[in-house]
Amino acid sequence: FIEENMKAAIAQRQFQMYLQPKYSISHNAIVGAEALVRWLHPVKGIIYPSEFIPVLEENGFIRNVDYYIWEEACRFIKRCEQEGMEGCPVSVNVSRHHLVEDEFIEVLDGLIDKIGIDKQSLELEITETVNNQQVSEMSNRLKDEGFMLLMDDFGSGYSSLSILLETPFDVIKIDKKFMENMLVSKRGKLILEQVVAMAGKLDLGLLAEGVETREQVEFLKEIGCDMVQGFYYAKPMPAEEFYEL
Ligand code: C2E
Ligand code: CA
Ligand code: CA
């Protein structure tokens, strides 16, 4: 179904950019957003990324979906700027497919030029893969070009400390599995505390994902992690709704 319908879905604008706010705990204010794709199918209704992204990752079509979402994000940023709302960067996900070829940098530069936004307001979320070497090289190039880089899903999967050494990320996003599993034990809390301390010493920004409860917010506040994203504050929502918020 996905393979048969993905091209029409792009052409008919069935993919939609949802935005999930990022909050500062101490300011109790929105400090940015992450763009997340949804497939609004005319018959099937809303289809979530977990259902179609694995297929699109496998056949490479995720590139096209990413380009589409990046453009939507740039347009949203432009709109905010035009209406005097500064200081709300939007981060987009960058599939590992892009990181092994140059094309996507030209696409990004092209979009930023065409739509006319500040490079710093479009942040790039990168997930580590098996091939950290390649990710490192590409990330270094992006950094040189002036992009803000967020390391997605830190603390899970292939995430390793060595990539922190080789790659100049600006922000690390602590994986939501971390929130679920770590905060239930004393040992887990200690690990998280040390990650926060490490980020501080490395001058890295830090954001905790998947924050769902008051207790998690309290604990993060206590150990000095100020930026959060999660259902406790808000779920991903249509761009229009985020704009209103
Ligand atoms: P991700 O980049 O780690 O995005 C965060 C996911 O966590 C989102 O799932 C979000 O809805 C969910 N989330 C946020 N707060 C909470 C919370 O408090 N609790 C729980 N349980 N979940 C929370 P979503 O939107 O279903 O996206 C899943 C994954 O699909 C994303 O994980 C990302 O890897 C991928 N994805 C989504 N949109 C895009 C896209 O445009 N391009 C690419 N390449 N990948 C995308
Ligand atoms: Ca992400
Ligand atoms: Ca993540």
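The values are calculated or read from the model by the stated rules, or taken from the named source; none is laboratory data. Remember, predicted model here, so these are calculated numbers, not experimental data. Every residue, glycine among them, receives a Cβ derived from its backbone with ideal geometry; neighbour counts consider all protein chains shown. Ligands, DNA and RNA are excluded from the accessible area calculation, which covers all protein heavy atoms including side chains. Shrake-Rupley method; radii C 1.70, N 1.55, O 1.52, S 1.80 Å.
Quick one: with all protein chains in place, what share of the accessible area of the stretch 171-245 is carbon or sulfur, to the nearest percent (1.4 Å probe)?
The C+S portion of the solvent-accessible surface of the stretch 171-245 is 53 percent.
Going through the stretch 102-177, which chymotrypsin sites (Phe, Trp or Tyr not before Pro) have at most 14 other Cβ atoms within 10 Å and a DSSP loop state?
Hits after loop and neighbour filter: 158.
Please return the longest range in the chain lying between exposed loop sites, taking GluC sites (Glu not before Pro), DSSP loop only, at most 13 other beta-carbon atoms within 10 Å, and leaving the sites out.
For GluC sites (Glu not before Pro) (loop position, at most 13 other Cβ atoms within 10 Å), the longest site-free span of the chain is 146-245.
Rounded to the nearest angstrom and ordered from largest down, what semi-axes does the equivalent ellipsoid of the chain get from its C-alpha gyration tensor (root of 5λ)?
Largest first, the chain gives 28, 21, 19 Å.
Taking the solvent-accessible surface of protein heavy atoms with a 1.4 Å probe, what is the per residue accessible area of the chain in Å²?
On a per-residue basis, 49 Å².
Using a 10 angstrom cutoff on alpha carbons, build the Gaussian network for the chain and name the most mobile of 202, 142, 111.
Taking springs between Cα atoms under 10 Å, the residue moving most is 202.
In what sequence, highest mean first, do 19-31, 36-48 appear when ranked by Cβ atoms within 10 angstrom?
Sorting 19-31, 36-48 by mean packing, highest first, produces 19-31, 36-48.
If you rank 88, 225 by how much accessible surface each has, with a 1.4 Å probe, what is the order from largest down?
88, 225
What residue among 120, 133, 12 shows peak mean-square fluctuation when the chain is described by a Gaussian network model with Cα springs under 10 Å?
In the Gaussian network model the winner is 12.
Choose one of 89, 191, 134: the residue whose Cα lies farthest towards the positive end of the charge dipole of the chain (beta-carbon charges +1 Lys, Arg; -1 Asp, Glu; about the Cα centre).
The listed residue farthest towards the positive side: 191.
Determine the alpha carbon to alpha carbon distance for each of 7/235; 143/235; 44/189 and list only those over 32 Å.
Working: 7/235 28 Å; 143/235 30 Å; 44/189 41 Å.
Listed pairs above 32 Å: 44/189.
Taking springs between alpha-carbon atoms closer than 10 angstrom, which of 146, 205, 84 fluctuates most in the Gaussian network model of the chain?
In the Gaussian network model the winner is 84.
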